[in-house]
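Bear in mind these aren't lab numbers, they're just calculated from the coordinates by the rules spelled out. Source: prediction; values computed, not measured. Virtual Cβ from ideal backbone geometry, glycine too; neighbours counted across all protein chains shown.
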Amino acid sequence: MTGPAHLPEREVARRADALPGVRPLRIHPLLVPMWAAEVTATVREAHPYEVFDRFLARAVAEAGLRSTPELAEFLGVEPALVARALDFLIGLGHLERDGDRVTLTELGRRSVADGRRYVLAPHRRMVLRFDGLDGAPVPYGHVTRSIWLGDPELTLADGTRFRVMPGAGALPDDAVAALLSRRDVGDFSGPMVPVAAETTVVRPVWLPVYLVECVEEPLVFGRAVDGPDPYLGALLAPWVSDVVKGV
């Protein structure tokens, strides 16, 4: 592939030279192996609360009130209004009814805690990205602000050729499940947060980066961050010696 798919090497050299206390020695253009996992997911979407619904959910969560009469008296409104609102929150999956009493579901508790009305939406297609070195998820900022290549080949218009790094093998079978179990899953999936997913396709992709060999610690530059990239630096740290040796 030939094209302006990444920062030119001269720009990376300029940025590295401008850093105080950094003495660059050599720049290594690399293609880092990654994985794109296409999934069909049930996602948790965030919406603003209606004011009354939020007060009602908080009354259940924080005041320990469970019945329509208790909630109506506490909020100073007609029981019929509370009953309609409870039915609505039950329909969203925020509450469960047991006889004449209600309790919060996990979705409801999370909504109250975050101050957002979460709604579950099934059958959403998503692409989740994982690195090909240890199978960890890629932060969402890098997912959206990076160039992703479908083939392990890149030569820029100025003649810069990127060398392919070897990967660590197949994506672990439990990579998607492990991501979904994380509290911070939204940091990797973005605003559509999957709570359940079925993987349909896993395909290899490659991420162009520059490893800058320095007298001091090596630095890694990508397109997602305007400067040395801490995420990419940590990702490539165990492989720096191999890259420098040309392995």
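Our estimate of slack between residue 231 and residue 90, defined as 0.36 nm per intervening residue step minus the Cα-Cα distance, is 46.7 nm. Spatially, region 134-159 and region 91-115 are offset by 41 Å when compared through their Cα centroids.
Please check which bits of region 36-77 a label hung off residue 97 would reach, taking the label as a point 7 Å along Cα-to-C-beta and the cut-off as backbone N under 11 Å. Within reach of a label on residue 97, which here means backbone N under 11 Å from a point 7 Å along Cα→Cβ, region 36-77 contributes 68. Return the loop-located GluC sites (Glu not before Pro) in region 1-78 (DSSP other than H, G, I, E, B) with at most 13 other Cβ atoms within 10 Å of their own Cβ; answer none if there are none. Within region 1-78, the qualifying GluC sites (Glu not before Pro) (loop, at most 13 other Cβ atoms within 10 Å) are 50.
With contacts taken as Cα pairs under 8 Å at a separation of at least 6 residues, the chain carries a relative contact order of 35 percent.
How far apart, in nm, are two points set 7 Å out from the Cα along the Cα-to-Cβ line at residue 187 and at residue 215? That separation, rounded to one decimal, is 3.5 nm. In this simple spin-label approximation, residue 121 and residue 198 carry label points 7 Å from Cα along the Cα→Cβ vector, and these lie 2.0 nm apart.
Calculated FRET efficiency, residue 153 to residue 241, Cβ-Cβ distance, R0 = 25 Å: about 0.50 to the nearest 0.05. Projecting the Cα positions of 47, 152, 138 onto the charge dipole of the chain (unit charges on Cβ atoms of Lys, Arg, Asp and Glu, taken about the Cα centre) puts 152 furthest along the positive direction.
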